[in-house]
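Comments concern the structure below.
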Amino acid sequence: MKRILPVIVLSQFFCTSLWFAGNAVMGDIAKQLQLEPSYLAYLTSAVQLGFITGTLVFAILSIADRFSPVRVFFTCALIAAAVNTLACLPGTGASIILVLRYTTGFFLAGIYPVGMKIASDHYPQGLGKALGFLVGALVLGTSFPHLLKSLMAALPWRYVILSTSILSALGGCAMVLLVPDGAERKQGAALSPAAFVKSFGNRQFRAAAFGYFGHMWELYTFWAFVPVILSAYNTRYTKADLNVPLLSFLIIGVGALACTGSGILSQYRGVKNVAVSALAISCACCLVSPLFLFAGSAWVMVGFLLIWSIAVIADSPMFSTLVAQNADAGSKGTALTIVNCIGFAITIVSIQLITALRTVENARYIYTLLAVGPLLGLLALLKRTNS
């Protein structure tokens, strides 16, 4: 029993390294294929759109509830690794890379939310702490390709892609070999296309889901634009010479500690209280971002981004916990999956909006628009508290 959570966490970390593998090498791909800077938004959105499609299909078919979630995780990890590897084939063009990133995102739908389902089946008590570690693994996995890029700077970009594929395959194998289905697992009796909307009739579930949606408006756009913000700083202050891949890893990766810390803190302050506090702090970071993003001191800006990164993700495991706790036991996997689906659909709108509106002139102010999500999320949670 003691080994189960570490294995789930390690497997999640390995497999989710696929998520931002394309972003980490975007500069090299753009240079090789002579692409416009806007390709970054399309590359990120392709993964998100694939994930949305995957979660929708998985939810409608109740995959995680009707079949062994461990085997679902394993199968999706291997397929995603194989698809990711195809990007390394010679002659692969920009359009094909987008299709491959979309397909990788589709099978990530069988990894991230299914991993949470596996954890919730093993740890019904102290779920906030367990999901804190699990979402922390997602954060570290998301940031890890940036570290690989920094370490492999002298090597072709394909080495980063291949490394993440190998990690995903190892993560899937570790899950299926070392983690059984949890004792709390209740198999869905039959295919129920309407199962994914059933939980939204629960007021507490609905409030938690809306809070999560507000959080997602901010999260992935922040992550996607961290390298952009750092590169823009280098452009404005040519002597800064910031190591963009390494700093991107550190800034995004510090969120793993935030997730672990919020999971532990939730045992003392309560899951909802921690979620509200983190969401309020990240909202404040959005609003004050113009004061720090192009500060004269690079370390002031980096320090601010580290604080923002901690706040922007600390509430994520709390929302997943609230969703899991308030979902019907027989459709918990489906409920987690569809909430993820809607949340990631919101990230596409946010990423594309910031990309479309961002200019050199408004680069200091544009990220204040990310405050809209946390504000609406806070309203949903406070409404729940007061009702």
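Can you tell which of V83, V99, V114 is buried (at least 24 other Cβ atoms within 10 Å of the Cβ) and part of a helix (DSSP H, G or I)? Step by step, each of V83, V99, V114 is checked, and only V114 is buried (at least 24 other Cβ atoms within 10 Å of the Cβ) and part of a helix (DSSP H, G or I). Being within 19 Å of the chain's Cα centre (by Cα) and either in a loop (DSSP other than H, G, I, E, B) or within 24 Å of G141 (Cβ to Cβ) (or both) is a property that does not hold for L265. Does the stretch 204-222 include one or more residues that are closer than 19 Å to C285 by Cα, touching a Phe, Trp or Tyr at 6+ places or on another chain (Cβ under 7 Å), surrounded by fewer than 24 Cβ atoms within 10 Å (Cβ to Cβ) and among the hydroxyl-bearing types (S, T, Y)? No; the residues of the stretch 204-222 include none that is closer than 19 Å to C285 by Cα, touching a Phe, Trp or Tyr at 6+ places or on another chain (Cβ under 7 Å), surrounded by fewer than 24 Cβ atoms within 10 Å (Cβ to Cβ) and among the hydroxyl-bearing types (S, T, Y). Consider the stretch 281-299 and keep the residues that are in a loop (DSSP other than H, G, I, E, B) and without any contact (Cβ under 8 Å) to a residue 60 or more places away in the chain. The one that is surrounded by the fewest Cβ atoms within 10 Å (Cβ to Cβ) is G296.
Being within 21 Å of T321 (Cβ to Cβ), out of contact with any Leu (no Cβ under 6 Å at 6 or more places or on another chain), assigned to a helix (DSSP H, G or I) and free of Cβ contacts under 8 Å to residues at least 60 places away in the same chain is a description that does not apply to S231.
Taking the stretch 102-114 as the range and being touching a Leu at 6+ places or on another chain (Cβ under 6 Å) and of a type outside the set (S, T, Y) as the test, only P113 passes. Among residues that are surrounded by fewer than 22 Cβ atoms within 10 Å (Cβ to Cβ) and outside any loop (DSSP other than H, G, I, E, B), D65 is not included.
Please work out if V70 is closer than 30 Å to D181 by Cβ, in contact with a Pro (Cβ under 9 Å, 6 or more places away or on another chain), assigned to a helix (DSSP H, G or I) and modelled with pLDDT of 90 or more. So V70 fits the description; yes. The number of residues in the stretch 336-368 that are within 21 Å of the chain's Cα centre (by Cα) and of a type in the set (G, A, S) comes to 3.
In this structure, is P156 farther than 28 Å from H215 by Cα and surrounded by fewer than 19 Cβ atoms within 10 Å (Cβ to Cβ)?
For P156, the condition - farther than 28 Å from H215 by Cα and surrounded by fewer than 19 Cβ atoms within 10 Å (Cβ to Cβ) - is met.
The residues of the stretch 308-335 that are surrounded by 18 or more Cβ atoms within 10 Å (Cβ to Cβ) and either of a type in the set (A, V, I, L, M) or free of Cβ contacts under 8 Å to residues at least 60 places away in the same chain (or both), listed by number, are I310, A311, V312, I313, A314, M318, L322, V323, A324, A327, A335. If the condition is being over 15 Å from F225 (Cα atoms) and assigned to a helix (DSSP H, G or I), then the stretch 15-46 contributes C15, T16, D28, I29, A30, K31, Q32, L33, A46.
The residues of the stretch 29-77 that are more than 16 Å from I97 (Cα to Cα) and among the hydroxyl-bearing types (S, T, Y), listed by number, are T53, T55, S62, S68, T75. Residue count for the stretch 236-280 satisfying the condition of being closer than 18 Å to F133 by Cβ, among the hydrophobic types (A, V, I, L, M, F, W, C) and surrounded by fewer than 18 Cβ atoms within 10 Å (Cβ to Cβ): 2.
The residue list L43, L56 contains one member that is under 17 Å from the mean Cα position of the chain (by Cα) and closer than 17 Å to N84 by Cα, which is L43. Within the stretch 270-287, being out of contact with any Leu (no Cβ under 7 Å at 6 or more places or on another chain) and at pLDDT below 90 holds for one residue alone: G270.
The values are calculated or read from the model by the stated rules, or taken from the named source; none is laboratory data. Computed from a predicted structure; not experimentally measured. All Cβ positions, glycine included, derive from the backbone under ideal geometry; neighbour counts span all protein chains shown.
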